Structures are given as structure tokens and as C-alpha cells.
Amino acid sequence: MTDLTPRPGILKIQPYKQGKSEIDNIADPIKLSSNESPLGPSPKAIEAYMNASKNLFRYPDGSQQQLIEAIAERFGVTKSKLICGNGSDELIQMLIRAYVGPGDEIIVSEMAFAMCRVHALAQGAEVINAPEPTLVADVDEILSRVTEKTKMIAIASPNNPAGKYVTRDELKRLHDSIPDNVLLLVDSAYADYVINSDYDCGMELAETTSNVVMTRTFSKLYGLSAVRIGWALCHEDIIGILQRIRTPFNTNAPALAAACEAIKDTDHEEMVRNHNNKWLVKMSTELGNLGLDIIPSVTNFILMRFPDSDYPSNSARSAKAAWEHLLADGIIPRPVGAGGPDNCLRITIGLDHENEAVLKSLGAFMNKS
Ligand SMILES: Cc1ncc(COP(=O)(O)O)c(C=O)c1O
């Protein structure tokens, strides 16, 4: 037992539980628990990563210049409004550290990235949960919670684990309705998959206003989860604040090099998106036909609700029973529990044979007498 006392708030935090990656006695399980891209990164990104390995004795480029230029060129945004992080998670942490402290309130929409709560609690701030009754960030629920103490609002669009998005009109209504001294975080980690014309990842608001930050990641569609690299777009004044607390070499050289090539390889990007979106439709339809309640997703994962609840515990077709059934078949989904609606599992879109295996396994599960 130590006599040391952590900062207030830290003990309210539950340590992050990573998606399961192993199953006892199964050598090569189908891991569909963390929304990783099964097709991996662009071969050009891998080549850049390998080349970077020749210079591991050098510090990375602390200015992140090449990647910032590549992002600016690709999306037509202003270079001085960009910053890169060790995953978008780090950028979210930096924002919360910079703007939210004891006595402040941060409104976190129910299915915003779980780490928003963690970072805010660590800061000693008050976390106000805004429910998502229709499984998507709800502008009225958020607005009704804005007070004089509100410093920041965090939403994810698409959200996780539902995979639903806030429309352009609703995002604009949210931004129009909040004071300019409240920071709006639009976490668009899954934006790269979305093809719906009424979707808005927040890029234009982040480029043109003074209080919107859009965060993006290379961990999902670009298949670079392992190297940890993400980026944010926002007003130069916010960039200036983040630059004060950014550690000089927060983004490592292999990650910067790989991300530069990944973002330029639009053929690979399109191939991944097409694979995902083809399977998203097929899996959603076929899982729905099995009698599962499928939440319509625009991402690389699907949230499904099972017909029976876990209570009484002998329910045949509950999420808990399905979890065990899938694991026995060598497939790892993500139980959502506290981070989402009850009686659901989330499953990432995988390779062809992995998706077929999921359909077969859940087919057998749902058709069990
Ligand atoms: C909604 C959402 N936001 C942000 C992240 C963080 O991504 P990363 O830190 O890998 O960039 C994730 C990762 O799963 C996510 O689901």
C-alpha cells in the first residue's frame, strides 16, 4: 500500500479494456473486436515504414511537416490548421488537458470515444453524459445540458459502437446553437468509410470557425493502428495552444513516413472502402435475416442486438450466449456492455472468409432449437 494520493478524479476511472485478441486453445482466431482494417495498410505505406527502419537512431521530424503537407494537399485544408498525434486519442487528450479542468463541465455524448471521459476525469472536470436515445449524438440532449460551466462538447460521428452519424444539418444546428467559447470536438475516426451525401465529418466547420476541432485517424481505413498516428484540424489559435503541450516527438518517424504514403494511395483506400461497404451491406442484410436487430452502420463494424436478454441467465439467444458461441467457433467479437446498449455485440467487418465464418456461426446460433 502506498501513501501517495492521485489527483481527484483518477480513482473514478476504470482502466481501458482492450478488445480480446486470443482464445484458449485456438491458434489463429478471427479477431473482429477492435475495428481494425483486415486488409492492412497500403503496400507503399509498408515500404515507407521499412525504409524508415534504416534511420531508427534519428529523432523523428518534430514539425511533422511532410505529413501535414500530404494531409493539406489531399483534403484541400490549411496547413497551419493541422496537427498530428500519437493516434487521434492523443490529440483528444491534449485538447481536454488544454481546455478542461477542475470546476469545468464537458458534455460527452453517450457514444463518443470512451477516452474522452477518462481524460476529463483525470483533469478533475465534471463529465456530463448526453444520452443518445436514437443511438446517435442527439443535438437537443446536448444543448439542454449546456451551462455557463461548459467548456467542451465531445461527439463521435459516426459513433461507436452504433456506427451511426450526425447529419450535416444537425451538426450545423449544434454548432450554431453553442457559444463561441465552447469547444466542439467532432471525432470522425470512421469518416473514411462514409459515402452518404448528408454526412459531414466536420472538416468545413473546423476549417472555417474558431471553436470546432475535427479529429481523424490512420488506425481504421488506412490500417495503421499499430504505429499510432492521427490528425486534427482546427483554428490556428487552438493549434497554437496544442503546440505548447505537445511533446516534441509525439509522432514517431515510421508512423509519419507510413501515413504520408497511406494518404496518397487513393487506389488502396478505395479498394478497402469498397470491400468494407460491400460486406457491410451483405452482413447487415444476412444477419438481419437471421432475426438479429441490426443497427444500420456506415462504418467498418456492425452492432447487433440479440432477441433474448441475459436475464434469466439461461436465455438461449442472448448476446452473452452468442459471445460464447462465437468464441467456441474461433471468432472474437466485442461485447459492448457499459459502452453501448444492452444485449448487443459489435463485430468488425473482416476478410471474405472471416465474414463467411461469422455468418455461418451466427446462423447456427440463431437456428438452434
Ligand atoms: C470513435 C473513436 N474515436 C477515436 C478512436 C481512437 O483512434 P486512434 O487513437 O487509434 O486514432 C477510436 C478507436 O477505436 C474510436 O473508435
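Please treat every number below as a calculation from the coordinates, not as lab data. Remember, predicted model here, so these are calculated numbers, not experimental data. All Cβ positions, glycine included, derive from the backbone under ideal geometry; neighbour counts span all protein chains shown.
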- Query: In the range 22-74, which trypsin sites (Lys or Arg not before Pro) are in a loop and have at most 12 other Cβ atoms within 10 Å, using DSSP for the loop call?
  - Reply: R58
- Task: First measure r as the distance between the Cβ atoms of D61 and N289, then evaluate 1/(1 + (r/R0)^6) with R0 = 45 Å and state the FRET efficiency to the nearest 0.05.
- Result: 0.30
- Could you name the lysines whose alpha carbon sits less than 24 Å from that of K81, not counting residues in the same chain fewer than 8 places away? K151, K172, K220, K264
- Query: Taking GluC sites (Glu not before Pro) that fall in a DSSP loop and have at most 11 other Cβ atoms within 10 Å as cut points, what is the longest piece of the chain between them?
  - Reply: 149-369
- Message: Using the Kirkwood radius over C-alpha pairs as Rh, can you work out the diffusion coefficient of the range 151-304 via Stokes-Einstein at 20 °C, viscosity 1.002 mPa s, in µm² per second?
- Response: 126
- Estimated inter-spin distance, I10 and E204, nm [label 7 Å along Cα→Cβ]: 4.5
- Net charge near E236 (other residues with Cβ under 14 Å of its Cβ; Lys, Arg +1; Asp, Glu -1) is +1
- Using alpha carbons only: equivalent-ellipsoid semi-axes of the range 250-357, gyration tensor based, whole Å: 32, 17, 12
- Note on the structure: Expressed in nanometres to one decimal, the distance between label points 7 Å along Cα→Cβ at D352 and S144 is 4.9
- Item | Volume per residue of the C-alpha convex hull in the range 30-180, rounded to whole Å³ | 171
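Please report S225, S37 as a ranked list, fewest other C-beta atoms within 10 angstrom at the top and most at the bottom. Please list the in-between numbers first.
Working: S225 18, S37 23.
The fewest-first ordering by Cβ neighbours comes to S225, S37.
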- Task: Excluding D310 itself, calculate the net charge of residues whose Cβ lies under 10 Å from the Cβ of D310, where each Lys or Arg counts +1 and each Asp or Glu counts -1.
- Result: -1
- Message: Please rank K151, K20, fewest neighbouring Cβ atoms within 10 Å first, as an exposure proxy.
- Response: K20, K151
- How much net charge surrounds I26 when only the other residues with a Cβ under 13 Å from the Cβ of I26 are counted, with Lys and Arg +1 and Asp and Glu -1? -2
- Query: Which whole-number percent gives the relative contact order of the chain, counting Cα pairs below 8 Å spaced six or more residues apart?
  - Reply: 22
- DSSP loop chymotrypsin sites (Phe, Trp or Tyr not before Pro) in the range 234-302 with at most 14 other Cβ atoms within 10 Å of their Cβ, which ones? F249
- CD proxy at 222 nm, helix term only [per DSSP H run n ≥ 4: -39500 (n - 2.57); per residue of the chain; nearest 500]: -11000 deg cm²/dmol
- Message: Can you tell me what percent of all Cα-Cα pairs in the chain are more than 35 Å apart?
- Response: 26
- the range 1-61: percent of C-alpha pairs farther apart than 13 Å? 80
- Item | Additional length obtainable on full extension of the chain from E22 to R273, 0.36 nm per residue less Cα span | 87.7 nm
- Mind checking the log10 I(q)/I(0) for the range 61-109 at q = 0.28, 0.33 Å⁻¹? Debye, one equal scatterer per Cα, no solvent, two decimals. -1.06, -1.20
- Electrostatic dipole magnitude of the range 43-264 [Cβ: Lys, Arg +1; Asp, Glu -1; Cα centre; debye, to 20]: 900
